[in-house]
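Colleague: Below is the structure I would like to discuss, written out as structure tokens.
The values are calculated or read from the model by the stated rules, or taken from the named source; none is laboratory data. Every value quoted in this text rests on a predicted model; they were computed, and no experiment measured them. Note that we place each Cβ from the backbone using ideal geometry, even for glycine, and neighbour counts take in every protein chain shown.
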């Protein structure tokens, strides 16, 4: 990206504000997901409640980012990297909002699971979360550091999460058949695994937005070889 | 051969000097037929000078000349002694920043060129004037007042009258030097819409300081800086992802 300042200082201020909002929103989203999983594993209903309540902040951030983006389009008619920054920021905020929604869903299901006896194989969620969080963290870094190669790598790394999702879902599904009276909890876990798998997909989208910002390339629905060119 | 047919203006290694000052430095570019090509760049970058080279308007400035390279129009070198400057300027029309109608009627402004070229038949002249005014999207507005002074028209209408006057002599190329800089947004939109229509029949080269205008009206954009052609590419590419850092700096408002 271009690093020298604009002649118009107000334009620079708006661009900085937009970036700052996206990074704050990303930090809050990641924090929500982390707390949702902790609430699930540590059976902490208060923590789950605060995740559900804090989703409003992320929703508000999405609105603010759209507003800032629209203002920049309206006032400064941005071109090239500036235009791509506005477009990718607005798209990234949409993906972050959806990730935070998944964190909320996990927190809600965590509360339901907590009301019954603890399941030993709940810990199978941990490695999925670890990978999903890594993907999310790297997607944000690819945007903030202008690292297109990192952004482009997420799609392939998300495949591992897809595989884990499949295996873990199969495990929980078999437990539904094998055990009696725990069907509800296992179904909740299957949905939580599904949410984490979606976090991987959405992080991969953010990585693609970062690639668009850096290289003006649209990686959506492209082949492996096109991605490896980044 | 097919490729060559699509090039209206072929500029090769052109240097242009005002006395000792080199205003254009080794510029090579091909301007495609029936497309709109925009020239952008900060003041003094040579874009207007190059535009004026295309119809040898710079011939009128003492000490100013192309010192190196060639400019071919439809395959013919425009500085060739066989090329008549007046005939060249018929084929390469020009529209200026400020509309400059002649102090005559609307009709006479458009009929002026064809008359000079020898057209005397009144019916033919009337047909040419109507066709040119229709082409410039002005006919409906002026058809009942063709004998009014051209100065009775608004600024935007005067500019479109000048475009009609250019079209009346059947050029192949129309050069526009900031044609909308003195117009309000509505008149600008009308001229831009007209540019869109005109490219079916003409090759258009437009100099503009308005980046959004270049993005809206042109197919290809050339960025000039201190006499050099820095980057020349499709307009979509130039404004979304220019290859050269200087272009990026200019179009994003970081220098200039």
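Colleague: What are the pairs with Cβ atoms under 6 angstrom where one residue, in segment B:136-148, is in contact (Cβ under 8 Å) with a residue 60 or more places away in the chain and the other, located anywhere, is assigned to a loop (DSSP other than H, G, I, E, B) and crowded, with 17+ Cβ neighbours inside 10 Å? Sequence gap at least six, or different chains.
Modeller: none
Colleague: While we're here: For segment A:76-87, give me each residue that is at the interface with chain B (Cβ under 8 Å from one of its Cβ atoms) and under 20 Å from residue A:143 (Cα atoms). Before the answer, list the steps.
Modeller: The first filter runs over segment A:76-87 and keeps only residues at the interface with chain B (Cβ under 8 Å from one of its Cβ atoms), leaving A:76-84.
A:78, A:79, A:80, A:81, A:82, A:83, A:84 - these are the residues of segment A:76-87 that are at the interface with chain B (Cβ under 8 Å from one of its Cβ atoms) and under 20 Å from residue A:143 (Cα atoms).
Colleague: Look through segment B:73-116, keep the residues that are part of a loop (DSSP other than H, G, I, E, B) and more than 21 Å from the chain's Cα centre (by Cα), and return whichever of them is nearest to residue B:54 (Cα to Cα).
Modeller: It comes out as B:80.
Colleague: If you take the residues of segment A:22-43 that are surrounded by 14 or more Cβ atoms within 10 Å (Cβ to Cβ) and free of Cβ contacts under 8 Å to residues at least 60 places away in the same chain, which of them is farthest from the other protein chains (Cβ to nearest Cβ)?
Modeller: A:38
Colleague: Any residue in segment A:101-124 that's at positive phi: show its pairings with residues that are modelled with pLDDT of 95 or more at Cβ separation under 8 Å, as long as the two are six or more apart or on different chains.
Modeller: none
Colleague: Would you pick out the residues in segment A:195-221 that are surrounded by 15 or more Cβ atoms within 10 Å (Cβ to Cβ) and over 18 Å from residue A:142 (Cα atoms)?
Modeller: Correct list: A:195, A:196, A:197, A:198.
Colleague: From the list B:69, B:63, exactly one residue is surrounded by fewer than 20 Cβ atoms within 10 Å (Cβ to Cβ), over 16 Å from residue B:25 (Cα atoms) and touching a strand residue (DSSP E or B) at 6+ places or on another chain (Cβ under 7 Å). Which is it?
Modeller: Going through B:69, B:63 in turn, the sole match is B:63.
Colleague: Further, regarding this structure: Answer with yes or no whether residue A:33 is more than 15 Å from the chain's Cα centre (by Cα) and either at pLDDT 95 or above or in a helix (DSSP H, G or I) (or both).
Modeller: Numbers: more than 15 Å from the chain's Cα centre (by Cα): no; either at pLDDT 95 or above or in a helix (DSSP H, G or I) (or both): yes.
In short, no.
Colleague: Could you check residue A:60 against (1) within 14 Å of chain B (Cβ to nearest Cβ); (2) in a helix (DSSP H, G or I) and say which number it fails?
Modeller: Result: residue A:60 fails condition (1) only.
Colleague: May I ask you to list the residues in segment A:1-21 that are within 14 Å of chain B (Cβ to nearest Cβ) and either assigned to a helix (DSSP H, G or I) or within 15 Å of residue A:97 (Cα to Cα) (or both)? Spell out the reasoning first.
Modeller: Here is the first cut: in segment A:1-21, the residues within 14 Å of chain B (Cβ to nearest Cβ) are A:1-15.
Passing the criteria: A:9, A:10, A:11, A:12, A:13, A:14, A:15.
Colleague: Of the residues A:73, A:68, only one is in a helix (DSSP H, G or I), more than 19 Å from residue A:146 (Cα to Cα) and within 12 Å of chain B (Cβ to nearest Cβ); which? Walk me through it before giving the result.
Modeller: Numbers: A:68 fails: within 12 Å of chain B (Cβ to nearest Cβ).
The match here is A:73.
Colleague: Go through segment B:30-64 and report how many residues are part of a strand (DSSP E or B) and touching a helix residue (DSSP H, G or I) at 6+ places or on another chain (Cβ under 7 Å). Working first, answer last.
Modeller: Kept after step one, since they are part of a strand (DSSP E or B), are these residues of segment B:30-64: B:30-32, B:36-40, B:64.
Remaining after also requiring touching a helix residue (DSSP H, G or I) at 6+ places or on another chain (Cβ under 7 Å): B:36, B:38-40, B:64.
Residues in segment B:30-64 being part of a strand (DSSP E or B) and touching a helix residue (DSSP H, G or I) at 6+ places or on another chain (Cβ under 7 Å): 5 in total.
Colleague: For residue B:158, only one of the following conditions fails: (1) out of contact with any helix residue (DSSP H, G or I) (no Cβ under 6 Å at 6 or more places or on another chain); (2) buried (at least 21 other Cβ atoms within 10 Å of the Cβ); (3) closer than 30 Å to residue B:76 by Cβ. What is its number?
Modeller: Only one criterion in (1) out of contact with any helix residue (DSSP H, G or I) (no Cβ under 6 Å at 6 or more places or on another chain); (2) buried (at least 21 other Cβ atoms within 10 Å of the Cβ); (3) closer than 30 Å to residue B:76 by Cβ is unmet by residue B:158, namely (3).
Colleague: Hey, does segment B:78-93 have a residue that's under 28 Å from residue B:253 (Cβ atoms) and surrounded by 13 or more Cβ atoms within 10 Å (Cβ to Cβ)? Outline the logic, then answer.
Modeller: Filtering segment B:78-93 for residues under 28 Å from residue B:253 (Cβ atoms) gives none.
Taking every residue of segment B:78-93 in turn, none turns out to be under 28 Å from residue B:253 (Cβ atoms) and surrounded by 13 or more Cβ atoms within 10 Å (Cβ to Cβ).
Colleague: Tell me the strands (runs of 3 or more DSSP E) entirely within segment B:142-256 that contain at least 3 residues that are within 13 Å of chain A (Cβ to nearest Cβ).
Modeller: B:228-234
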